[in-house]
Amino acid sequence: MSDDAALTLRATGGRAPDVFRPGGWVPMREYRDDEAVDFVIVGTGAGGGTLACKLAEHGFSVVALDAGPYWRPLEDFASDEAHQAKLYWSDERIVDGDNPLQLGSNNSGRSVGGSTVHFAMVSLRFRPEWFKARTKLGYGADWPVDWREIWTYYREVEQALKISGPINYPWGPHRPRYPYRAHELNGPALVLARGAEALGIDWSPTPIATLSAPRGLAHPCVYRGMCVIGCSTNAKQSVLVTWLPRALATGAEIRDLAMVGRIEHDAAGRATGVAYHRAGRWRFQRARNVVVAGYAIETPRLLLNSATDRFPDGLANSSGLVGRNLTVQSNQAVWGIVQEEVRPYKGPPSLALTEHWNYTDTGKDFFGGYCYMSQGLLPMVAGGLQAKRGLWGQRLLDAMENYNHQVGLKIVGECLPQERNCVTLSDERDALGLRIPRVTYSYCDNDKRLIAHALVFMRRALAAAGGRDIWDETDDTAHMHGTARMGDDSATSVVNGDCRSWDIPNLWICDGSVFPTVGGVNPSLTIQALACRTADRIKALAARGEL
């Protein structure tokens, strides 16, 4: 590493790292703390980073703050599972409930670029009916947006990330061809395809945000398999290497290692800016609008930690729903051994999938849906999985001897929103004196039925593909959403369809926490599509003098 990004400010002095050139820099506009910018954005992941880019391109002055370091992937990232744990948000959090969540590597990142720096790149569109799940499918809640509009923004994001995908996708309404060709299938993907065809269901190469051909200074994927611990070749199209360079080029300022602790407001109840800790001291950035994009734990934490006499229950919380309706996605898997050598570490981890049970509403005893994907895994993860089975000593060594023949099928399943699943504040405080979050989660009966159905079906699929010694991984989850949900009614939601707070008109929330429901696909594409839409809505509102 050229310097320790975790300790050293990199976005300062009128420049930010050039993520495409080792040791390089790009110019960055800087604003004074006492200069009221149009928008201060908390978080630079799929929501905040995308929004920062689009707002800057629309001509607004933007400062985006992130608690994480500003990485140079070409220099800072190593092919080392233990070393790359530096990408994860591993601050202390309290978890409880019937099914306490594992936090950190599987669902939150601490980096400029957010969790997209280590996400698995799967880029799927929501099924149209999910946007009106209550009305059309009889469960969950309706979104206050039309699916056709979001699907238009999906196309914008797919082009911005140069998604690599198949010519024809088997499910949902017709869509244009993906910008880049699909990747060649690796060993686990071929096993999924074989099992799906044996059971008579459709499968597809997975649309993913990693390059299958060159793009400017970014090289195509070389299939080294380190995707979920940080791509060191820039083939992964994370926010760090896509939206943020565009944001900088159009005048946005990015501040790394900047932990926001509080949002302030004036006597009229309008937000005035944010208090943040950077370089050893607390500072305050003035702003005409504040956007919170810290994801499903840090977003409600900040809103609740910003309570005042005027807003004693936290900001934007007249509904009492800030922190409520925390949703995850079930991420269970079946694993087995196949005769051929699959080398599961080769290539992106999920190169084939089926959405059969997302688009099929008959023959199941649960609401919602799931897709399942082929699953490759790195050696340390593989060893941990075997240890979770209770294997130890010689039995563990024997199991690891089959590593190159091990293959998995893994779901992304829809869990239903429940108010009892929540993020609240504990009485404990972190090193900055901020109250730390308590994350409470329990599956409902519908979630359990969906998981049971998926495990049975995937076992059949893996066996049909020639798998043996099949076993279930029953306790994994992925992604988090829902703790500041959007809606049409201020009594039952935190923000409206524009991601604008009902209570404080210049306070916005733009991340996965606004999801009323979660669907059975990875959320990053939808978060970015919502951010693009929110930026366009802000531009339109500003033109009418309604900000």
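The values are calculated or read from the model by the stated rules, or taken from the named source; none is laboratory data. The model shown is predicted, which means the values in this text are computed figures rather than measured ones. Glycine gets a Cβ as well: all are built from the backbone with ideal geometry, and neighbour counts include every protein chain shown.
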Flagged in the stretch 181-233 as over 19 Å from GLU355 (Cα atoms) and assigned to a helix (DSSP H, G or I), in numbering order, are GLY187, CYS227, VAL228, ILE229
Result of the Cβ filter at 8 Å on the stretch 131-150, keeping first residues that are at positive phi and modelled with pLDDT of 95 or more and partners that are part of a helix (DSSP H, G or I) and surrounded by fewer than 21 Cβ atoms within 10 Å (Cβ to Cβ), at least 6 apart or interchain, is GLY140/ARG134
Do we have PRO22 as surrounded by fewer than 24 Cβ atoms within 10 Å (Cβ to Cβ), touching a Gly at 6+ places or on another chain (Cβ under 7 Å) and either touching a residue at least 40 places away in the same chain (Cβ under 8 Å) or within 18 Å of ALA275 (Cβ to Cβ) (or both) here? no
Picking from ALA452, ALA491, the residue that is under 19 Å from LEU315 (Cβ atoms) and surrounded by fewer than 19 Cβ atoms within 10 Å (Cβ to Cβ) would be ALA491
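Residue by residue, here is whether (1) of a type in the set (Ser, Thr, Tyr); (2) part of a loop (DSSP other than H, G, I, E, B); (3) closer than 22 Å to ARG485 by Cβ; (4) in contact with an Asp or Glu (Cβ under 6 Å, 6 or more places away or on another chain) holds:
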| position | (1), (2), (3), (4) |
| --- | --- |
| LYS86 | no, no, no, no |
| GLU92 | no, yes, no, no |
| ASN99 | no, yes, yes, no |
| SER115 | yes, no, yes, no |
| ALA120 | no, yes, no, no |
| TRP130 | no, no, yes, no |
| ARG134 | no, no, yes, yes |
| GLU149 | no, no, yes, no |
| TYR153 | yes, no, yes, no |
Item to complete: Report yes if ARG288 is surrounded by fewer than 22 Cβ atoms within 10 Å (Cβ to Cβ), at pLDDT 95 or above and touching a helix residue (DSSP H, G or I) at 6+ places or on another chain (Cβ under 7 Å), otherwise no.
Response: no
CYS422: passes all of (1) surrounded by 20 or more Cβ atoms within 10 Å (Cβ to Cβ); (2) of a type outside the set (Ser, Thr, Tyr); (3) more than 23 Å from the chain's Cα centre (by Cα); (4) over 30 Å from PRO205 (Cβ atoms) but (3)
Taking the stretch 152-169 and keeping residues touching a residue at least 60 places away in the same chain (Cβ under 8 Å), in contact with a helix residue (DSSP H, G or I) (Cβ under 9 Å, 6 or more places away or on another chain) and of a type outside the set (A, V, I, L, M) leaves TYR153, TYR154, GLU156, GLU158
Result of the Cβ filter at 9 Å on the stretch 529-547, keeping first residues that are at pLDDT below 95 and partners that are surrounded by fewer than 24 Cβ atoms within 10 Å (Cβ to Cβ), at least 6 apart or interchain, is LEU547/ASP38; LEU547/ARG288; LEU547/PRO505; LEU547/ASN506; LEU547/LEU541
Exercise. Would the stretch 212-223 turn up any residue that is of a type in the set (A, V, I, L, M, F, W, C), within 27 Å of PRO128 (Cβ to Cβ) and either surrounded by 22 or more Cβ atoms within 10 Å (Cβ to Cβ) or touching a strand residue (DSSP E or B) at 6+ places or on another chain (Cβ under 9 Å) (or both)?
Worked result: no
Sole miss for THR152 among (1) in contact with a Ser or Thr (Cβ under 7 Å, 6 or more places away or on another chain); (2) within 19 Å of PRO176 (Cα to Cα) is condition (1)
**Message:** Looking at the stretch 103-117, can you tell me whether even one residue there is charged (D, E, K, R) and in contact with a Lys or Arg (Cβ under 7 Å, 6 or more places away or on another chain)?
**Reply:** no
If we ask which residues in the stretch 439-487 are within 29 Å of ARG134 (Cβ to Cβ), of a type in the set (Asp, Glu) and modelled with pLDDT of 95 or more, their number turns out to be 2
Considering the stretch 172-229, residues that are at pLDDT below 95 and β-branched (Val, Ile, Thr), and then whichever is nearest to TRP151 (Cα to Cα), we arrive at VAL228
Query - Residue match in the stretch 136-143 (condition: outside any loop (DSSP other than H, G, I, E, B), out of contact with any Leu (no Cβ under 7 Å at 6 or more places or on another chain) and crowded, with 19+ Cβ neighbours inside 10 Å) - result: no
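Yes or no, residue by residue, for (1) over 22 Å from the mean Cα position of the chain (by Cα); (2) surrounded by 22 or more Cβ atoms within 10 Å (Cβ to Cβ):
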{"residue": "ILE297", "(1), (2)": "no, yes"}
{"residue": "LEU303", "(1), (2)": "no, yes"}
{"residue": "LEU315", "(1), (2)": "yes, yes"}
{"residue": "LEU326", "(1), (2)": "no, yes"}
{"residue": "LEU353", "(1), (2)": "no, yes"}
{"residue": "MET373", "(1), (2)": "no, yes"}
{"residue": "ALA382", "(1), (2)": "yes, no"}
{"residue": "GLY393", "(1), (2)": "yes, no"}
{"residue": "LYS410", "(1), (2)": "no, yes"}
Among strands (runs of 3 or more DSSP E) entirely within the stretch 391-496, at least 2 residues that are in contact with a strand residue (DSSP E or B) (Cβ under 9 Å, 6 or more places away or on another chain) and among the charged types (D, E, K, R) occur in 406-414, 422-429, 435-440, 468-473
Among strands (runs of 3 or more DSSP E) completely within the stretch 269-381, the ones holding 2 or more residues that are touching a residue at least 60 places away in the same chain (Cβ under 8 Å) and under 30 Å from ALA36 (Cα atoms) are 271-278, 281-286, 290-292
